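Only one structure is covered here, and it is reproduced in the block below.
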Amino acid sequence: MSDDDLPAQRPDPYEAQYMAAEGGILHERRRMPGWFFALMGVIAVVELGASIAARSVFPALLALPVLAAVTVLLSHLRVVLTREHLHVQYGLWGPKVAVQDIVSMRVEPYSMMRYGGFGIRRSLDGYWAYSTPGGNGQALVIEARDGKGGTRKMCVTLDRAAEFKQRIEELQASTRVRVAPGESARVEGEGHEVIAEESASAKRRA
């Protein structure tokens with residue numbers, strides 16, 4: 001199935017409020033499959049049964065709210081691309097990467113062996129994975145500057161991985177620098193405007 005064949009999604013209230021999805025260019029929301037919720041339900045029943053057998057509801061009162069919170073938090077992987085950032089969030093966790101800090105991207109099948117399963121994982125070579133099972137099995141692998149002189153490496157499962165890659169490349173290509181003699185340098189692009197003073201050497205060349 002190609003990206004064009006996938007049904008469009010509308011931002012949910014969480015994405016609109018906390019991830020700027022209403023003003024976003026592209027977004028995708030992946031839900032954990034049914035077996036995940038069934039597994040959480042089985043664990044809840046077992047915990048409740050153990051509490052009844054022990055004639056104490058105290059363990060269940062502690063465990064069941066925690067289990068419910070974990071189920072809700074890990075139920076969705078959300079990815080939003082705006083003109084400035086790629087925002088990844090699995091539950092309450094995930095990076096927000098500036099588009100202009102991304103230095104390389106590739107689309108490849110997600111490797112459960114490499115990352116040790118699904119969820120939030122870290123591979124031996126330093127890539128953080130944010131992944132859910134299902135979909136078309138594709139992932140967008142990214143390397144980006146981390147603002148500290150290092151590199152942030154990440155992998156995100158996305159049904160529209162190729163489309164996300166293309167749109168990020170378009171955003172990066174749309175940014176251009178124009179310098180006029182005696183004026184500041186202005187980086188222009190859709191949604192981008194950064195001012196930088198001309199260096200003395202540039203003034204002399206002008």
Review point. Which condition number does Tyr130 fail, the rest of (1) surrounded by fewer than 15 Cβ atoms within 10 Å (Cβ to Cβ); (2) touching a Ser or Thr at 6+ places or on another chain (Cβ under 9 Å) being met?
Key: (1)
Review point. Can you name the residue in the stretch 63-81 that is under 14 Å from the mean Cα position of the chain (by Cα) and modelled with pLDDT under 90 and is also nearest to Ser174 (Cα to Cα) among such residues?
Key: His76
Revision key, fill the gap. So the strands (runs of 3 or more DSSP E) completely within the stretch 75-166 holding 3 or more residues that are without any contact (Cβ under 8 Å) to a residue 60 or more places away in the chain and within 30 Å of Gly41 (Cβ to Cβ) are 119-122, 128-131
Practice item. Could you tell me which residue of the stretch 1-34 is most open to solvent (accessible area, probe 1.4 Å), considering only residues that are of a type in the set (Ser, Thr, Tyr) and at pLDDT 65 or above? Key: Tyr18
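Report, by residue number, each residue of the stretch 147-162 that is of a type outside the set (Val, Ile, Thr) and surrounded by 14 or more Cβ atoms within 10 Å (Cβ to Cβ).
Selection gives Arg152, Lys153, Met154, Cys155, Leu158, Asp159, Arg160, Ala161, Ala162.
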Exercise for review: Taking the residues in the stretch 82-110 that are modelled with pLDDT under 95 and over 20 Å from Leu26 (Cβ atoms) as candidates, determine which candidate is least open to solvent (accessible area, probe 1.4 Å).
Suggested key: Gly91
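The values are calculated or read from the model by the stated rules, or taken from the named source; none is laboratory data. Computed from a prediction, not measured in an experiment: that's the story for all the values here. Positions of Cβ are backbone-derived with ideal geometry, glycine not excepted, and every protein chain shown enters the neighbour counts. The accessibility values were calculated without ligands, DNA or RNA, using every heavy atom of the protein model including side chains. Shrake-Rupley method; radii C 1.70, N 1.55, O 1.52, S 1.80 Å.
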